[in-house]
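One structure is given below, encoded as structure tokens.
The values are calculated or read from the model by the stated rules, or taken from the named source; none is laboratory data. Not measured: the values here are computed from a predicted model. Please note: Cβ atoms are built from the backbone with ideal geometry, for glycine as well, and neighbour counts cover all protein chains shown.
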Amino acid sequence: MQRNYLKYSSLLLSLLMLMTACEEEKSIIPAAKTELQNDVIKRTLGPNVVGLNIEFAYAMALAPERGKLVSAQVEASIPGAGGTYLETKTYSTNGSGEDVGIVVGESLPTEGKITKVNFTKDTSASTLRYYYVIPEAARGQEVTFDFTATSSTGETVTYKMGPYKIAKMDMKLDMTVTDSVASYISIADMAVYSAAEAATKADKIDLVYLYRSIPGVTFNHALVSPGADKQYLPNVTLPAGVNKVSKVRKAWNIRDFHLARLQYGVYIDDLDFEKLDLTESANYAINMRAESGAWVETADSKYRAYIYVNSVNNNGKSARISIKRYAL
Amino acid sequence: MVKYSKIAIALLLALVVWVGCTPEFPVDEDGLLITERAECYVSNFELLGPDFQTVRTKNAEIDTVAQTINVEVFYGTDLRNLYPQFSLVTDAKLDPKITGKVDFSDRVNPKTYTVVSGNRKVRKPYTVNITVQKP
């Protein structure tokens, strides 16, 4: 008797499971919103350095039967530097993967914090790109953005982005150093000087660039503190007073995206300089190769920097360097 | 039926007790397995600079009889900030441990590292002698 019950109940359970498994799920297609909506993505990566762009893509849309777009504007908490603009083109991607732009509006002159575009085409959906050139005033501060769109129905939507921390560090790209010609590097000035110029700015010279091809050793391109052991400054006559002892540590595989402009997604940020400890480091770096770099701390401990070697030229005894610098 | 169950449970219990009493493999103070191996030598030696690139001009000369490692480094190598890397025979370990950069600038008193065999019974000190390439 008991066995029968067990049989029936398991049969019923199996049937129930079969039914549940075979039942077709009803998919629900959500009704599209018709009111004005917006969304923003930030397109740039890495630290926000003064002078560089922060790029956003601002999308806005409403149902075509409901109305059209009238204007779009961005308000930055700190006015952007010259060159800040909201693009008047909306982009689509063609079959070759290229962005093709169509002009949909006219930009109004940027007034203080506000950058605005009025739509001139009859459009109900658009994505505009916004380029914010980071101003000097924003250094070390945070900046926020309010993206606002208005439609012909009188609706207004706003999307807040940020806050984004603006880095304290400075950057200078593509300085050419040439042995005996322009070989004195000042981190304080972010500049390269000749021996005659260095003599007038002796207290600002942190490194000497030199190229030597010495038989039996690998010396080649070098960044040496003026106050380093003379064996690392062969045949170099320093201008009077140029004698600082900067700390230098060689680095490899740190191809900062901003400095190198290569495909590597590596960024040096303020934090790297803050955590950098060069107390036991040497005061010279010899055999510097292209795509290598050197961490530097000035003798007065006012600045820390990363010098990236973009390229070297053995025949010309020269190199192209780019610097990121952080004031302590 | 009950009888069978009792036997099965008794067997299971016996198995658990047996497994529980099996001696564990011995480990040393670092939690590393102590094995039967008595071999004790350095098979390879690497020396990296502050940029984590090699500073050797050629392969290090490892003398397992004299227990020395002779390595020549590039001219201008900063001997105070180097990262040594030892490859040891299977199951051996190094004493002292290398936890970061090492100062090799005192060449009068070269650094010594002891290789400890897998059975932890053989200890062989290796002296690292560094010479700098000269022009």
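Looking only at the range B:63-85, residues that are touching a Phe, Trp or Tyr at 6+ places or on another chain (Cβ under 6 Å) and either of a type outside the set (A, V, I, L, M) or more than 15 Å from B:K101 (Cβ to Cβ) (or both) come to 3 in all. Being at pLDDT 90 or above and either on the phi < 0 side of the Ramachandran plot or within 12 Å of the chain's Cα centre (by Cα) (or both) is a property that holds for B:E29.
Residue check: A:K160 meets all listed conditions (1) surrounded by fewer than 20 Cβ atoms within 10 Å (Cβ to Cβ); (2) over 15 Å from A:V40 (Cβ atoms) but one, namely (2). Assessment of the range B:107-115 against the conditions (within 14 Å of chain A (Cβ to nearest Cβ) and among the hydroxyl-bearing types (S, T, Y)) yields no matching residue.
Against the criterion of being closer than 30 Å to A:A222 by Cα, surrounded by 16 or more Cβ atoms within 10 Å (Cβ to Cβ) and at pLDDT 95 or above, B:P84 qualifies. Here is a check on your reading of the model: is B:G76 within 14 Å of chain A (Cβ to nearest Cβ), of a type in the set (G, A, S), surrounded by 15 or more Cβ atoms within 10 Å (Cβ to Cβ) and in a loop (DSSP other than H, G, I, E, B)? So B:G76 passes the test. Do you know which of the residues in the range A:238-291 that are in contact with a helix residue (DSSP H, G or I) (Cβ under 6 Å, 6 or more places away or on another chain) and among the aromatic types (F, W, Y) is nearest to the other protein chains (Cβ to nearest Cβ)? That would be A:Y284.
The strands (runs of 3 or more DSSP E) falling completely within the range B:83-135 that include 3 or more residues that are within 30 Å of A:S213 (Cα to Cα) map to B:123-132. Within the range B:48-64, being closer than 21 Å to B:D95 by Cβ and within 12 Å of chain A (Cβ to nearest Cβ) holds for one residue alone: B:L48. The set of residues from the range B:28-47 being β-branched (V, I, T) and more than 18 Å from B:P96 (Cα to Cα) comprises just one member, B:T35.
Checked against (1) under 22 Å from A:A327 (Cβ atoms); (2) out of contact with any Asp or Glu (no Cβ under 7 Å at 6 or more places or on another chain); (3) not in a helix (DSSP H, G or I), A:A198 passes all but a single condition, namely (3). If we keep just the residues of the range A:292-317 that are within 14 Å of chain B (Cβ to nearest Cβ) and in contact with a Gly (Cβ under 8 Å, 6 or more places away or on another chain), which is nearest to A:H221 (Cα to Cα)? Going through the qualifying residues, I end up with A:V309. Going through (1) within 14 Å of another protein chain (Cβ to nearest Cβ); (2) surrounded by fewer than 18 Cβ atoms within 10 Å (Cβ to Cβ); (3) touching a Leu at 6+ places or on another chain (Cβ under 8 Å) one by one, A:K230 falls short only on (3). Within the range A:207-221, the set of residues being more than 8 Å from chain B (Cβ to nearest Cβ) and in contact with a strand residue (DSSP E or B) (Cβ under 6 Å, 6 or more places away or on another chain) comprises A:L207, A:V208, A:Y209, A:L210, A:Y211, A:H221. Quick one: count up the residues across the range B:88-103 that are without any contact (Cβ under 8 Å) to a residue 40 or more places away in the chain, over 8 Å from the mean Cα position of the chain (by Cα) and within 18 Å of B:I62 (Cβ to Cβ). Looking only at that region, the number is 2.
The set of residues in the range B:84-103 being within 14 Å of chain A (Cβ to nearest Cβ) and in contact with a Pro (Cβ under 8 Å, 6 or more places away or on another chain) consists of B:K101, B:V102.
Among the residues of the range A:145-153, is any farther than 30 Å from A:E35 by Cβ, in contact (Cβ under 8 Å) with a residue 12 or more places away in the chain and of a type outside the set (D, E)? Break it down into steps so the answer makes sense when it comes.
Filtering the range A:145-153 down to residues farther than 30 Å from A:E35 by Cβ leaves none.
No: the range A:145-153 contains no residue that is farther than 30 Å from A:E35 by Cβ, in contact (Cβ under 8 Å) with a residue 12 or more places away in the chain and of a type outside the set (D, E).
Does the range A:198-234 hold any residues that are under 25 Å from A:N315 (Cβ atoms) and among the charged types (D, E, K, R), and which are they? Listed by number, the list holds a single entry, A:R212.
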